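> Sending over a structure as structure tokens; questions will come in a sec.
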Amino acid sequence: MTNTSASSHEPQDILLATDLSIRADRAEARAVERAAALQAKLHVVTVIEPDRNTQAADARMPDPQSIEADLRRSYGTDSGLEVTAEASKAWPVIIREATAHNCALIVLGPADPCGLESV
């Protein structure tokens with residue numbers, strides 16, 4: 001009989017996909033809480049999707065270091081935290097990051113409902 005109990009207690013990475021809006025605070029808090037409880041690394045992904053307006057998505061892109069600082073300040077987290085911010089389509093980036101970090105859980109914050117039309 002194989003003992004699998006040791007592997008079930010290993011930290012599992014968690015991915016938080018958020019638009020960083022005020023409405024995302026519940027998802028952010030929950031992801032931070034779960035990461036701390038599981039002693040897991042939290043990977044935060046925010047994606048600004050290009051729109052039809054003349055303003056480029058890159059010009060609106062937040063700095064990953066400031067996102068990390070804000071999350072640490074807001075939630076007092078000392079856990080491992082890694083932030084990715086990109087201008088792209090959201091779903092491919094979320095899937096890529098979750099796969100690359102072998103995340104056991106994906107927490108989705110609210111996003112503009114228009115972004116779901118392309119799924």
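> Which pairs have Cβ atoms under 7 Å, sit 6 or more apart or on different chains, and link a residue in the stretch 20-35 that is farther than 21 Å from His101 by Cβ and in contact (Cβ under 8 Å) with a residue 24 or more places away in the chain to one that is of a type in the set (D, E, K, R) and not in a helix (DSSP H, G or I)?
No pair meets every condition.
> Do you know which of the residues in the stretch 34-50 that are touching a strand residue (DSSP E or B) at 6+ places or on another chain (Cβ under 6 Å) and closer than 15 Å to Asp19 by Cβ is surrounded by the most Cβ atoms within 10 Å (Cβ to Cβ)?
Val44
> Take the stretch 85-119 and flag every residue that is of a type in the set (S, T, N, Q) and modelled with pLDDT of 90 or more.
Thr99, Asn102 - these are the residues of the stretch 85-119 that are of a type in the set (S, T, N, Q) and modelled with pLDDT of 90 or more.
> Just for the stretch 67-84: of the residues that are among the hydroxyl-bearing types (Ser, Thr, Tyr) and outside any strand (DSSP E or B), which one is modelled with the highest pLDDT?
In this case the residue turns out to be Ser74.
> Let me ask you something else. Can you give me the number of residues within the stretch 86-104 that are touching a helix residue (DSSP H, G or I) at 6+ places or on another chain (Cβ under 9 Å) and surrounded by fewer than 19 Cβ atoms within 10 Å (Cβ to Cβ)?
Count: 5.
The values are calculated or read from the model by the stated rules, or taken from the named source; none is laboratory data. Source: prediction; values computed, not measured. In this analysis, Cβ positions are derived from the backbone assuming ideal geometry, glycine residues included, and neighbour counts consider all displayed protein chains.
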